[in-house]
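Here's the structure, in structure tokens; my notes come after.
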Amino acid sequence: MTSFLRFKSLLTVSGALLFLMALASCGNQKTADSSSEQSTLNVVTTFLPITLFTEAVAGECATVTALIPPNLGPHDFQATPTDIAALSNAQILVKNGLGMEYFLDKLTDSAENKSLQVIDTSRGVAVIKSDDEENENGADGSDQNQGEVNPHIWLDPLRAVQQVENIRDGLVKADPGCSDGYTKRAAAYALQLKELNTAIASQLKPFRGKTFIAFHDFAPYFAERYDLKADFVVDVPEMNPTPADLQRVSTKVQQSQLKALLSEPQEGDRSFNALAEDLGVNVVTFDPLETGSEEASKKPDTYFTVMKSNVASLIKSFGG
Ligand SMILES: [Zn+2]
């Protein structure tokens, strides 16, 4: 019994030590010995692109944890008590914004974390309304998104630069001791994004003005950046396409002479495949980066790998 108590008090002491170590902030212990430095800024991100951008900026100055498991898309997310606990313990929450994380307000209320600072990566980013003329032509006349802003800004590499800069600013403000690191890493990642944009622009130049059809409404920012037109099958991914949706897509494919329909990795939609077969076109993948493997979510370069592969798919869909 005594030895058990002693063991228990030892645990308590080491627990308290760990807690004290965790209290010392990155800024306060700016030492040359950075390899053994305990990173202490506790940052929670929402979904994949936000996690990738935050990890790219955070480096070793902060611990980044994704709220939504990377294999789950934000459109399908159901919060659990664990998510509330994650937010209770976090210092920073990074979100895409523009209503993408519709579940967050309730969660942050439940977490009752008064000191939680929220970085909205969409701050200052030019937005596209969900009800632009393009979508009003929808055969089903659906107006459920009327007046809302399309949240998929990360698929335009130059808007992604702004998101990265917003993350940088938020982290620098919260943790000025690591300011140099955040600034340097954000600049390096932003440069990579700008180079990616230049490369995509030149690859897609021959296809200017062409229409492509994505599965859900994720592509307007990407399309706008590269002078393309994006149409979509369904508004949100969990919806199944209606016969009217399929009819509309069929007409569009014939008008635009598309050689392939663009599917999403997590959709594997049978009606989409059947439609492609009927139309005599292929199905290729355009990954909106809303989900990914655990491993991919740890590597900020995932953004570049996936976008390059998306562009290759798109070129295929144009018959290039
Ligand atoms: Zn989406």
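The values are calculated or read from the model by the stated rules, or taken from the named source; none is laboratory data. Model, not experiment: these values are computed from the prediction. A quick note on method: Cβ atoms are made from the backbone with ideal geometry, for glycine too, and the neighbour counts reach across all protein chains shown.
Okay, residues lined up against (1) closer than 22 Å to Phe77 by Cβ; (2) surrounded by fewer than 22 Cβ atoms within 10 Å (Cβ to Cβ); (3) not β-branched (Val, Ile, Thr):
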residue	(1), (2), (3)
Asn240	yes, yes, yes
Val249	no, no, no
Val253	no, no, no
Arg270	no, yes, yes
Phe304	no, yes, yes
Ser317	no, no, yes
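Within the stretch 279-307, being over 13 Å from the mean Cα position of the chain (by Cα), in a helix (DSSP H, G or I) and without any contact (Cβ under 8 Å) to a residue 40 or more places away in the chain holds for Leu279, Glu295, Thr305. The number of residues in the stretch 102-118 that are over 18 Å from Asp76 (Cα atoms) and assigned to a loop (DSSP other than H, G, I, E, B) comes to 5.
This table checks each residue for (1) out of contact with any Phe, Trp or Tyr (no Cβ under 8 Å at 6 or more places or on another chain); (2) farther than 17 Å from Ser309 by Cα; (3) of a type in the set (D, E, K, R); (4) within 16 Å of the ligand (Cβ to nearest atom).
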{"position": "Gly181", "(1), (2), (3), (4)": "yes, yes, no, no"}
{"position": "Ala188", "(1), (2), (3), (4)": "yes, yes, no, no"}
{"position": "Glu195", "(1), (2), (3), (4)": "yes, no, yes, no"}
{"position": "Thr198", "(1), (2), (3), (4)": "yes, no, no, no"}
{"position": "Thr211", "(1), (2), (3), (4)": "yes, yes, no, no"}
{"position": "Arg248", "(1), (2), (3), (4)": "yes, yes, yes, no"}
{"position": "Lys252", "(1), (2), (3), (4)": "yes, yes, yes, no"}
{"position": "Leu258", "(1), (2), (3), (4)": "no, yes, no, no"}
{"position": "Ser263", "(1), (2), (3), (4)": "no, no, no, yes"}
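Against the numbered list (1) modelled with pLDDT under 95; (2) buried (at least 20 other Cβ atoms within 10 Å of the Cβ), Asp131 comes up short only at (2). Kindly indicate whether Val164 is touching a Phe, Trp or Tyr at 6+ places or on another chain (Cβ under 7 Å), at pLDDT 95 or above and within 18 Å of Ile50 (Cα to Cα). Judged against the criteria, Val164 is a match. Does Pro206 satisfy the criteria of being touching a residue at least 12 places away in the same chain (Cβ under 8 Å) and in contact with a Phe, Trp or Tyr (Cβ under 9 Å, 6 or more places away or on another chain)? Here the answer is yes, as Pro206 does meet what is asked. Within the option set Asp175, Asp156, Asp227, Asp217, being of a type in the set (D, E, K, R) and at pLDDT below 95 holds for one residue only, Asp217. Are any residues in the stretch 225-244 within 16 Å of the ligand (Cβ to nearest atom) and either in contact with a Gly (Cβ under 7 Å, 6 or more places away or on another chain) or outside any strand (DSSP E or B) (or both), and if so, which ones? Correct list: Asp235, Val236, Pro237, Glu238, Met239, Asn240, Pro241. For the stretch 53-75, a residue qualifies if it is over 15 Å from Ile119 (Cβ atoms) and charged (D, E, K, R), and exactly one does: Glu60. Filtered by the rule that a residue be more than 17 Å from the chain's Cα centre (by Cα), crowded, with 23+ Cβ neighbours inside 10 Å and among the small types (Gly, Ala, Ser), the stretch 42-84 gives a lone residue, Ala62.
None of Gln38, Gln91, Gln29 is modelled with pLDDT of 95 or more and away from the ligand (no atom under 16 Å from the Cβ) except Gln91.
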